[in-house]
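Notes for the one structure printed next.
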Amino acid sequence: MKNCKEMALVWGLSVRTINNLCKNGKIEGAKKIGREWQIPDGSEKPADGRVISGIYTKKERPKEKKSLPVGISDYIRAQSEYYYVDKTLLIREFLDRKPFVSLFTRPRRFGKTLNMDMLRVFFEKTEEDTSRYFSDKAIWKCGPEYREHQGKYPVIFLTFKDVKYDSWEATFTRIAELLQEEFGRHSELKNSDKLEEYEKAYYRKVLDAKANEVELSGSLQKLSKMLTKHYGKSPIIIIDEYDTPIQEGYSKEFYEEIIGFMRNFFSGAFKDNKYLSYGFLTGILRIAQESIFSGLNNLTVSTVMDDEYDSFFGFTETEVHQMLEYYDVTDKEEELKNWYDGYCFGNKEIYNPWSVINYLSKGCLPQAYWVNTGKNEILEDVLKVATDDITEKLYDLLQGKNVIARIDQNVVYRSLTEDPANIYSLLLVAGYLKAPGKQLQGDGTWLCEVAIPNREIAAVYKSEILSHLIQIGVMGRTTANKIAESLYSLDTKKLQDGIGEYLKKSISYYDSGTEGFYHGLVLGLVALLDNKYKIRSNRESGDGRYDISLIPKDTKYPGIIMELKSAKNLNAKALEALSSEALRQIEDRAYDTELKDTGVADTLKLGIAFSGKNVVIKTKM
C-alpha cells in the first residue's frame, strides 16, 4: 500500500488530485486508514477523467519509479534497488592522483559512508565478480587502465559513524567489536598457510574478543601485514567517520583517552605501515593539531575549501535537476534550491543530499531534515563559549548577512576554549556555514566571507541560538510565547512580566550583573520576531549607538528601539529611575533616526533597566 504523497511521485500527479480521486471512489481498492488514503501497490494511473462501471479504462501500466535511498549507505543495494546518483568518477579522480593516504572532510550526511563503501566494492578482491555493479556506471566507460584495478586488492573497512557513547569504556568496547567483525570478514586468514602461528594466534585473539587496548591499537598494521602475506598484495584501508568517537570524547570528557588510542591506531595503519597500498579516511574535522597523523607527510587532505574532489560529496545542481525530472517534480526546483542548496565545496555549488532525498520521499514537503538527524553538538559547544562579538555576528548571520571570519582548517574541538574565534572554522566544516568568498593567507588560514547556506540551516540557527540564550527548556514555551506576543501587541506590561518570569525561573544571581549579559538575553528573546522584523544591534543612529533596534519588514508594524541599562542591588525606586534614564537617552540622542530613514512612521521606544533578577520597562511611542 502507498499513501497519496508516495503515489504522487509514482504517477506524476499532485497530492490533492490523488486525494480527490480517492474521495470520489475513482481508484479501485483505495481505503482511508485514519486520516490518510492508502492505495494498493500496482494500482493503475487513471488514463483520463472518464470512468466505466467504477473502473478506469485500462492503459499501459507506467513504469514504476525507483524508490529513494533514505538512509542507505550500502553501495550494492543503493545502486541496484534505489535511485542512485553516480559518484563512481571519484575512483577515476583518485587513480589519476594516486595519493598514498587520502582524508576527505565533509559535513555529516553528505554521502561519505556510501562513497567509501563504493570504493570498497570496486577495489576489493572477492570470490564474487563485483564488476557487474559498475558495468553500467561512469567509471566503466573511462577505459581499461581504470577497470584493471577492479577487484584486485584486499580491503580493510571500518566505519565509526555510530560510535557515540558516554564513556571511554563503552567506546573502546564498541571499537573492539568493530575490529572483531572486520577480522571475521577476512576468515581466509584463519587457516592460511602463508601466516606464522603467532600471527594466527593474534588473529584468533581479536576474533575471540580477548585482545586488550594496547594489542588492538596495533590491529590495523597487523591485519594489513597478514593480508599482504596471504594475497601477495598489500591492502587498501578505509576508515569512515574517523572523528565521530573523537567528537564524543570531547563532549563526554574522555578526550585524552580517545586521542591516545587513535594516535597509535592510525600511526600503525598509515604512518609506519609498509603493508599498505592506499588509505582512505573520512570525517568532519582534520584534527592535525592532535598529532594523530604526525609524520605522515604524504597525507592528502580534501576539505570543503579545496577544488579537488569537490563534486563527489553532496549533489550538484545538474544531478538534482536530473532527479527532479525523473520524479516529474521539476516545478519544485526553486523551493528545493532555497531550502537545501547553497553549500560551496571548492568551486562547486552543492546541495545537501540527505535533505534532497528526504524532501522528495516526503512528497516535496520542505522541512529541516538534515538538522534533525543529530543533536547538533557542535553548535551547542559553539554557543557555550560565544563572546558578545560572536553572538552579534551570529545574529547578523540570522538576518541573512555575510560576515568576515578567519578559517583555520586545522581547528580542533578543544581549541574553542583557547580561542572562541575558532567557532567559524568549526561551523564551516560541519555544514552550518558556507564561504562564498575566500582568500588564502600566508599562514595557511583563509580569510572568508561566510554566510548561512539555506533556509534549513537558518531554521536550526534560530532554534539553537534561542534555546541557548533564553534556555527555553527551563523557561517553558508558554513564557517564550508570552514575550513574543507582547511585542507583537505592543503590550509592555506583558513584556515586563514575561522577562521577569524568565529571570526568576532560570538565571542564577551570579549569571547576571553586566549589561553585556542582559544584551545577549534580550537579543535571544527578540529572535522570536525575526520573521517580521530585521534585528539590529549596537548600530550608529542619530547622535550615538543604540542597543537594539527592530526594523519592521512591513511598515504597517511600528519600529522598536531598546536601550538597556543595568546596575547591582537597586531598590524598586532606583530601578524605575534607571529605566526612565534609558528612555530619555533614546530621545535625547535621536536613536530612531535610522528607523525614520527607512520609512517607519511610528516607533515604540523601550527603556529597559535590570538589577539582578528584576526588570522595569518604560515606554513611549
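The values are calculated or read from the model by the stated rules, or taken from the named source; none is laboratory data. The model shown is predicted, which means the values in this text are computed figures rather than measured ones. Here the Cβ positions follow ideal geometry from the backbone for every residue, glycine too, while neighbour counts run over all protein chains shown.
Determine whether region 317-324 contains at least one residue that is modelled with pLDDT of 90 or more and buried (at least 20 other Cβ atoms within 10 Å of the Cβ). So that I can check it myself, show each step before the final result.
Quick first cut of region 317-324, residues modelled with pLDDT of 90 or more only: 317-324.
Cutting the leftovers down to buried (at least 20 other Cβ atoms within 10 Å of the Cβ) gives us 320, 323.
For region 317-324, residues modelled with pLDDT of 90 or more and buried (at least 20 other Cβ atoms within 10 Å of the Cβ): present.
Checking every residue in region 89-99 against the condition of being within 30 Å of Asp41 (Cβ to Cβ), in contact (Cβ under 8 Å) with a residue 40 or more places away in the chain and hydrophobic (A, V, I, L, M, F, W, C) gives zero matches.
Of the residues that make up region 124-138, is at least one among the hydrophobic types (A, V, I, L, M, F, W, C) and either surrounded by fewer than 18 Cβ atoms within 10 Å (Cβ to Cβ) or assigned to a helix (DSSP H, G or I) (or both)? Yes; the residues of region 124-138 include at least one that is among the hydrophobic types (A, V, I, L, M, F, W, C) and either surrounded by fewer than 18 Cβ atoms within 10 Å (Cβ to Cβ) or assigned to a helix (DSSP H, G or I) (or both).
Can Leu285 be described as under 23 Å from the mean Cα position of the chain (by Cα), farther than 21 Å from Met118 by Cα, in contact (Cβ under 8 Å) with a residue 24 or more places away in the chain and in a loop (DSSP other than H, G, I, E, B)? Spell out how you get there, then give the answer.
Working: under 23 Å from the mean Cα position of the chain (by Cα): yes; farther than 21 Å from Met118 by Cα: yes; in contact (Cβ under 8 Å) with a residue 24 or more places away in the chain: yes; in a loop (DSSP other than H, G, I, E, B): yes.
Against the criterion (under 23 Å from the mean Cα position of the chain (by Cα), farther than 21 Å from Met118 by Cα, in contact (Cβ under 8 Å) with a residue 24 or more places away in the chain and in a loop (DSSP other than H, G, I, E, B)), Leu285 qualifies.
For region 74-103, what are the residues that are under 17 Å from Asn298 (Cβ atoms), in a helix (DSSP H, G or I) and of a type in the set (Phe, Trp, Tyr)? Phe94, the sole residue that qualifies.
Taken as a whole, the condition of being farther than 16 Å from Leu9 by Cβ, part of a loop (DSSP other than H, G, I, E, B), at pLDDT 75 or above and small (Gly, Ala, Ser) applies to Gly25.
Of all the residues in region 98-119, those that are surrounded by fewer than 19 Cβ atoms within 10 Å (Cβ to Cβ) and either outside the structural domain of Gln79 (by TED's automatic domain parsing) or at pLDDT 95 or above (or both) number 0. Taken over region 211-244, residues that are more than 28 Å from Gly151 (Cα to Cα), charged (D, E, K, R) and surrounded by fewer than 20 Cβ atoms within 10 Å (Cβ to Cβ) amount to 2. Among the residues here, Ile483 qualifies as at pLDDT below 85, crowded, with 20+ Cβ neighbours inside 10 Å, in a helix (DSSP H, G or I) and among the β-branched types (Val, Ile, Thr).
Okay, residues lined up against (1) of a type outside the set (A, V, I, L, M); (2) assigned to a helix (DSSP H, G or I); (3) not assigned by TED's automatic domain parsing to the domain that holds Glu6:
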site	(1), (2), (3)
Glu335	yes, yes, yes
Cys344	yes, no, yes
Ile350	no, no, yes
Trp354	yes, yes, yes
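Picking from residues in region 552-573 that are buried (at least 18 other Cβ atoms within 10 Å of the Cβ) and either more than 12 Å from Val616 (Cβ to Cβ) or free of Cβ contacts under 8 Å to residues at least 40 places away in the same chain (or both), the one that is nearest to the chain's Cα centre (by Cα) is Pro552. Tyr202 passes every criterion in (1) part of a loop (DSSP other than H, G, I, E, B); (2) free of Cβ contacts under 8 Å to residues at least 24 places away in the same chain; (3) hydroxyl-bearing (Ser, Thr, Tyr) apart from (1).
When region 269-292 is filtered for residues that are more than 27 Å from Asn347 (Cα to Cα) and at pLDDT below 90, the ones remaining, listed by number, are Lys271, Asp272, Asn273, Glu290, Ser291, Ile292.
Can you tell me which residue is modelled with the lowest pLDDT among those in region 53-73 that are surrounded by 13 or more Cβ atoms within 10 Å (Cβ to Cβ) and within 20 Å of Glu319 (Cα to Cα)? Out of the qualifying residues, it is Lys65.
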